[in-house]
Structures are given as structure tokens and as C-alpha cells.
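The values are calculated or read from the model by the stated rules, or taken from the named source; none is laboratory data. This structure is a prediction, so every number in the text was calculated from the model and none was measured. Here the Cβ is made from the backbone with ideal geometry for all residues, glycine too, and neighbour counts use every protein chain on show.
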Amino acid sequence: MLNENSIADFKRNLRGPLIGPGDEDYDEARKVYNGMIHKKPRLIARCADVADVIRSINFGRENDLLVAIRGGGHNAGGLGICDDGLVIDLAPIKYTRIDPAARTITVGGGCVWGDVDHATHVFGLATPSGVISTTGVGGLTLGGGIGHLTRKCGLTIDNLLSADVVLANGQFVKANADENADLFWALRGGGGNFGIVTSFTFKLHPIDILYGGPMLYELSEATDVMKWYRELIPAAPDDLNGFFAFLTVPPAPPFPEHLHMKKMCGVVWAYAGPQEKAEEIFKPIRAFKKPALDFVGPIPHPALQSMFDALYPPGLQWYWRADFLNEISDDAIARHTQFGAALPSMHSTMHLYPINGAAARVGKSDTAWSYRDAKWAEVIVGVDPDPANNEKIISWTKSYYDAVHPYSAGGAYVNFLMGDEGEERVKKTYGGNYERLVAIKKKYDPDNFFRVNQNIKPS
């Protein structure tokens, strides 16, 4: 029974701190990346190790508490926090152990991708890891993991070799191709539905210096750029990745002053092939149309990964919508350019992330990620520092999504879901894999203990 004595006993048995509403660090501890999310948990257990995670799960279960799992706290809908329940915060479980000969890295469940990039880059190695280095390893991986290296190396889950997991009953298990293979299958795209992953082991690739960066065009050229881009990416070599964006140029170096606060379109490129071939690969790209800004050149992988960190610090107001796309039709482009010209704030944007190449050569049922035949993951985000502008950015995001959703493939990247679109949206996202996920959920979490997520119910 939850009372002051049981809480005190729980606190004594933890290595990490247990934080409650009366503690001076409570308000800081309950913050998540999305400043639009304000929730007040009863307790926050900052777990120092696996033993703390096991004790926290057992305490939550025995006291019938709603439990949220926090890794990096980056989740779109703020699913790393909950009201009146227990937050199991993995942030202190932060370590990296690299085996350069085997080309693998094992990382703690509290790591962010910047920690991984720091550990791997010195060995000239990398694994696919999003586009913002402050993103948590756990959330990005369990949802699938898309980023600059998707076309060359696949999704992050395609590079996951093994995971240590604490289940809803407090049991510690390994999940890989040989042990608990059904759980390993579900973890690769099924989100945080099945347990708390305290450690991940990833395959690494010999990637050191990329040839990449942003190439920006006038907004008046957006239709031509999108039509060119939609043909280029499906035919491009796997070494070449580039995500399309509508954006507002930040009013700061290294951007030239004459472009500050200008609405533009562009592609953020990442070429992971041999440097001596990079100029040749980019010749036709540069010949297509002279960009207004060309910041593409040799760049260390961690530098590209962290290029947008300062632009998107924690605490901004975020509202999300997303879709998978099989194609980008002329009609869709007309709608995109309409809303791209009406970005409601400097931080608001739309990105089209390629998910073909190596990621498309994995079978639809080989992992929980079902949309292996889609070409792009689209995300629309209204973002602003000021809560007073929330109505404006939410309205733009919803209207944009409503205009382009009819041209989509149906589901969306689960990490881009805000969490307010209902159960059917989650089902569509998993497509033909949903029933298998339900069966695995029923086996490993029959009481739906882990439900602060894009929830897969066990029945």
C-alpha cells in the first residue's frame, strides 16, 4: 500500500535518488524535451543501475501505480512522464563499451546519441542514430530509428544485436536472435510496450567523415526542387542520403545575414561513401539548380548529427503530425508548397526522411516495423519557444496534415506520433504486424503495466 512508510522504504533501497513534489529538484526532474507537456508524477526514481530498475518496477506494480519510462525525454508526446504515477528515469544509466575489432558498441539505457557518437567516432565507426544528438538511444531505437545513415545502413533497429530487458514482473532477460527471439522481434519497432531496456548492443559501420550539410533554395523554387528530389532519391546509391525540408533560416552565424529569417526549402545531405567520389556524386546535384546556400562538404559524422542541437534546445513547444509516403505526387507537392510558404514560426518545419535503400531490403515481417516498402517518413512540426503561440502552431500543423494525409501510405513513424490520434492510428502504423505484437504483449506484459506509450493492448 502506498504511504509514507512504503515510499521511505523504497527510497532506502535505491542507489539513485527518489524525487517527489516536495523536493527542490522536482520541477527540473519532471521537465521533458517538449515544453508543451506539463505533468506532475507522484514519484521520479532516477535509477543508478539495473537493480534500481527492478526495484522500481516491483514498487510500481505492487502499489498499482501508473508507470512512465524516461530515457532521453525526447518523445514527441512526452511519454516519458505521467501524472500521479511513477517515472522510472534511466538517465543515470549512462555508459558505453565499444569493441572496435568486433565493430559493436554496448550502451546504457540512459545514453543519448551524442554519447554513442563520441565513443564510436574516435575509432572511425558509427551506427544509424537520428538527426539530433540529444535524442535518447532507447526511445529512438525502440520506435525504429531513422536518420542520416538510413539508406546506407538501415534503420537503427536493423543494427540492434541484443538488448537487456526488465519485464513487468521484475524479471531480467536478454533479447536477441537466440534468446527470447519473439521479444527481440517486438522490441525492434514496437516501442516501449514490452519492458524496460537497460542496455543495447549495436552493430557499427566504418563511417568517419561524411560529405554533407544543408543546401537551400528559394521558396519560389520549391515545386521544381520537390519534383527533382522525388525522382533523385529512389534512384540514388545507398551511400547518398538527403532529407527535404521547409524551414526558416536562423538569424545567426554561420548563415549569411541576407538569408536570416527567410523562409526557404532545401535538402540536408549526408554522403557516406568514399570522400574521393563525393564531388563526382554531387556534380549533377549542383548542376540541377544553383542553390542560394551550399554548406555541403566534408564533415565529421558527430558534427552533422549535432548540427541542429542548438536550434532545437529542450523546452520548446512542439506539436507533431506524421505519415509514411510511397510517392510524392504533383497534387501533394501543391499542398506542401502552400503550407511550406506559411510556416507559423522560425522553428516550425516539415521534413521528408528517406527510408528506402538498405532499410527497404529488410522484410516487412522481419521486425515490428511494417512499412518497409514506403519511400519516405514525413513529419510536420509546429514549434515555438512561446506557449502563447501554441494555438497558432497546432492549427498550422493539423491543417497541413489534413491537406497532405490523403496522399500518404496510411501509417506513420511511431516516434513522430503526438499521442492524441487514437488507437486506430497505432494499429495502422504496425499494419500486418499488429496482431503478432498483441500476442507478444500478452506473453510479456499481460496486465499492460507498460501503457504510457503508443500502446499495444494485450488483448
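Below is a table of values for the structure above.
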{"read-out": "Among the candidates Arg335, Arg321, Arg361, Arg372, residue that is among the basic types (Lys, Arg), over 15 Å from Ala412 (Cα atoms) and either buried (at least 16 other Cβ atoms within 10 Å of the Cβ) or not assigned by TED's automatic domain parsing to the domain that holds Pro234 (or both)", "value": "Arg335"}
{"read-out": "Evaluation of Glu421 against (1) modelled with pLDDT of 95 or more; (2) crowded, with 17+ Cβ neighbours inside 10 Å; (3) under 21 Å from the mean Cα position of the chain (by Cα) (one fails), failing number", "value": "(1)"}
{"read-out": "Per-region count, the range 68-85, residues under 19 Å from Leu2 (Cα atoms) and either outside the structural domain of Lys31 (by TED's automatic domain parsing) or surrounded by fewer than 24 Cβ atoms within 10 Å (Cβ to Cβ) (or both)", "value": "4"}
{"read-out": "Number of positions in the range 1-41 that are touching a Leu at 6+ places or on another chain (Cβ under 8 Å) and surrounded by fewer than 20 Cβ atoms within 10 Å (Cβ to Cβ)", "value": "4"}
{"read-out": "Residue in the range 349-365 that is within 13 Å of Val404 (Cβ to Cβ), modelled with pLDDT of 95 or more and among the aromatic types (Phe, Trp, Tyr) present", "value": "no"}
{"read-out": "Asn433 touching a residue at least 60 places away in the same chain (Cβ under 8 Å) and surrounded by 15 or more Cβ atoms within 10 Å (Cβ to Cβ)", "value": "yes"}
{"read-out": "Identity of the residue in the range 173-196, buried (at least 16 other Cβ atoms within 10 Å of the Cβ) and out of contact with any Leu (no Cβ under 7 Å at 6 or more places or on another chain), that ends up nearest to Asp49 (Cα to Cα)", "value": "Ile196"}
{"read-out": "Phe339 being of a type outside the set (Asp, Glu), in contact with a Phe, Trp or Tyr (Cβ under 7 Å, 6 or more places away or on another chain) and in a helix (DSSP H, G or I)", "value": "yes"}
{"read-out": "Residue within the range 279-290 that is touching a Gly at 6+ places or on another chain (Cβ under 6 Å) and either without any contact (Cβ under 8 Å) to a residue 24 or more places away in the chain or not polar (S, T, N, Q) (or both) present", "value": "no"}
{"read-out": "Boolean, Thr120 is in contact with a Ser or Thr (Cβ under 6 Å, 6 or more places away or on another chain), of a type in the set (S, T, N, Q), in contact (Cβ under 8 Å) with a residue 40 or more places away in the chain and within 30 Å of Phe244 (Cβ to Cβ)", "value": "no"}
{"read-out": "Strands (runs of 3 or more DSSP E) fully within the range 182-299 counting 1 or more residues that are under 25 Å from Leu417 (Cα atoms)", "value": "196-203, 240-248, 263-271"}
{"read-out": "Which numbered condition Ala360 misses (of (1) of a type in the set (A, V, I, L, M); (2) out of contact with any helix residue (DSSP H, G or I) (no Cβ under 7 Å at 6 or more places or on another chain); (3) closer than 20 Å to Tyr312 by Cβ)", "value": "(3)"}
{"read-out": "Any chance Val404 is buried (at least 21 other Cβ atoms within 10 Å of the Cβ) and in contact (Cβ under 8 Å) with a residue 40 or more places away in the chain", "value": "yes"}
{"read-out": "Options Glu257, Glu276, Glu231; residue that is surrounded by fewer than 18 Cβ atoms within 10 Å (Cβ to Cβ), within 30 Å of Phe123 (Cβ to Cβ), without any contact (Cβ under 8 Å) to a residue 24 or more places away in the chain and not small (Gly, Ala, Ser)", "value": "Glu276"}
{"read-out": "Checklist (1) under 30 Å from Gly73 (Cβ atoms); (2) assigned to a helix (DSSP H, G or I); (3) touching a residue at least 12 places away in the same chain (Cβ under 8 Å) applied to Ala303, failing item", "value": "(3)"}
{"read-out": "Residue in the range 45-90 that is nearest to Ser199 (Cα to Cα), counting only those that are among the β-branched types (Val, Ile, Thr) and in contact with an Asp or Glu (Cβ under 9 Å, 6 or more places away or on another chain)", "value": "Val50"}
{"read-out": "Count of the range 47-59 residues which are of a type in the set (Gly, Ala, Ser), in a helix (DSSP H, G or I) and surrounded by fewer than 24 Cβ atoms within 10 Å (Cβ to Cβ)", "value": "1"}
